[in-house]
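The values are calculated or read from the model by the stated rules, or taken from the named source; none is laboratory data. Note that the coordinates shown come from a computational prediction; the quantities given were computed from them, not determined experimentally. For neighbour counting, all protein chains shown are included, and Cβ atoms are generated from backbone atoms with ideal geometry for every residue, glycine included.
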Amino acid sequence: MIVVMRCGATAEETELVKQRLTQAGLGIHESTGEERTILGAIGDVRKLAPETIESWPGVERAIRILEPYKLASRKLKPQPSVVECNGAMIGGPEVVLIAGPCSVENLDMLRLTARAARDAGASMLRGGAFKPRTSPYSFQGLGREGLEMLAEVRSEFNLPVVTEVMAPEQVEMVSEYADMLQIGARNMQNFSLLQEVGRSKKPALLKRGMMSSIDEWLQAAEYILAYGNMQVVLCERGIRTFESYTRNTLDLSAVPAAKKFCHLPVIVDPSHGTGKRDLVIPMAMAAIAAGADGVIVEAHPDPDKALSDGAQSLDLSQLGILSTRLAGIARVLGRTMRNHPGNDPGYQPEAV
Ligand code: PEP
Ligand code: MN
C-alpha cells in the first residue's frame, strides 16, 4: 500500500499514520520528496481499506500496489533513483561507462585496461575475481588475490570497482574490496545471496537471469531492497532464445519496460548480450538510445589471449571509439558522457 501524505501535512500527522500502520503489522518505507512524504506500507494490507487510511488526518491518498514488487515500484517512488558508488553516479543525467576485463588475470593487464578505461571516460572498472564458469575445468578467477589487485588499481586510477560475488558467505569479503557487488545472471534467483547483499548495504548490480522474465528480475531486485539495501542497479545482459549466431539475445525492450515499472537505474551489458566483439559498440549505442543509464563492457589488452570471454571483449583502442559513439547518442537525448568532448554543444562527431 502506498500512502501519499498531503502537501504540508505536519510531522505529527505523518508520525500518527506511521504508528497506525505499524500497529496493523506493516513495515514502513518512507520516501520524503521536496513537496510531500510518501509512505510504503509493506505486508498483509488486506485488513486495511484504502478509504479508511484516506480518512486519517494529513493523508491525501492511499493506493494498493498490485505488482509483486513494492519498494522497487515507480508507484512508491515516481522519480528515478540515482545510485552512488564511491563517486560514480548511476541513473543521473550522465550516461555511465563501466569497462574492464571479464576476469582479473594479473596486475599488468588490469592496469593497462584501467588506464584505457579511465582515458575513455569510464566511471567504473569491472573485473571478475570469482568467476561462474560453465565448466569446472575453466579458469575460475584469482579469488582474494584478484580482489586485492582490483583494490590496488582502483586507487591508482581513481576508478570505483564492480566485481561479482557468487555466494552469501563471500559478501563480507568482497565488500571489503569492492565498491559495488555484482550478482551474476546465474545467481539472479539465489535468494540467500540476494538477502545477504540486501543486508550488506553495498551498491548492487543485479544482472537479469538468462532465462528470467522482467517480472522475475524486478522481484529479485525487490529482495535486495526488502532486506535493507536501496542501492540497486539493474543490468540487462541478454536472454536465451533459439538464435544461435549470438551468445544471447540482448533484450533492449527490457530497458524501457523495467524503467516504466521500477525507479531503479538500468544499464546494459552488450558483451554478454551478444558474445561478439563487433556487435558490442552498435548494441551499446542502441542501449543508450533505448534509455539505459549506462553500459558495462568487457575489454582486454589482448582479447584473443584472454582467459575468459575474449571473443566478446573489446581491445583497448575500441574503448575510445565506444565512448565517442555513446557521447553522440547521449547528446541527442539531452544527456552527457563524463569527460567527453561530445558534451560540448559545438562538438561535431565523426560519422558512424
Ligand atoms: C560477467 O560479467 O563476467 C558475467 C559472468 O556476467 P553474466 O552473469 O551476465 O553472465
Ligand atoms: Mn564475462
Could you list, in sequence order, the residues of the stretch 309-337 that are under 19 Å from residue 293 (Cα atoms) and either surrounded by fewer than 17 Cβ atoms within 10 Å (Cβ to Cβ) or not assigned by TED's automatic domain parsing to the domain that holds residue 297 (or both)?
320, 321, 332, 333, 334
Among the candidates 281, 296, single out the residue that is buried (at least 19 other Cβ atoms within 10 Å of the Cβ), within 16 Å of ligand 2 (Cβ to nearest atom) and among the aliphatic types (A, V, I, L, M).
296
Counting just the residues of the stretch 45-89 that are assigned to a strand (DSSP E or B) and among the small types (Gly, Ala, Ser), which one comes out nearest to residue 203 (Cα to Cα)?
88
Within the stretch 43-55, identify whether any single residue is touching a Leu at 6+ places or on another chain (Cβ under 6 Å), outside the structural domain of residue 227 (by TED's automatic domain parsing) and either surrounded by fewer than 19 Cβ atoms within 10 Å (Cβ to Cβ) or over 25 Å from residue 79 (Cα atoms) (or both), and answer yes or no.
yes
Neighbours by Cβ (under 9 Å, 6+ apart or cross-chain): first from the stretch 203-216, within 18 Å of residue 71 (Cα to Cα) and in contact (Cβ under 8 Å) with a residue 12 or more places away in the chain; second polar (S, T, N, Q) and more than 16 Å from ligand 2 (Cβ to nearest atom):
203/86; 203/229; 203/231; 204/229; 204/231; 214/253; 216/189
Filter the stretch 299-308 for residues that are touching a Pro at 6+ places or on another chain (Cβ under 8 Å) and of a type in the set (A, V, I, L, M, F, W, C); which is farthest from ligand 2 (Cβ to nearest atom)?
299
Testing residue 174 on (1) β-branched (Val, Ile, Thr); (2) within 15 Å of the chain's Cα centre (by Cα); (3) assigned to a helix (DSSP H, G or I), one condition comes back false. Which one is that?
(2)
Within the stretch 117-144, residues being in a loop (DSSP other than H, G, I, E, B), within 16 Å of ligand 2 (Cβ to nearest atom) and within 13 Å of residue 158 (Cα to Cα) number 0
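Given the criteria outside the structural domain of residue 225 (by TED's automatic domain parsing), within 29 Å of residue 93 (Cα to Cα) and either modelled with pLDDT of 90 or more or under 29 Å from the mean Cα position of the chain (by Cα) (or both), does residue 26 qualify?
So residue 26 fails the test.
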Which condition breaks for residue 135 when tested against (1) farther than 22 Å from residue 266 by Cα; (2) in contact (Cβ under 8 Å) with a residue 12 or more places away in the chain?
(2)
I'd like the residue in the stretch 225-271 that is polar (S, T, N, Q) and closer than 21 Å to residue 162 by Cα and, out of all such residues, is nearest to ligand 2 (Cβ to nearest atom).
271
Out of (1) more than 16 Å from ligand 2 (Cβ to nearest atom); (2) under 30 Å from residue 70 (Cβ atoms), the odd one out for residue 153 is which?
(2)
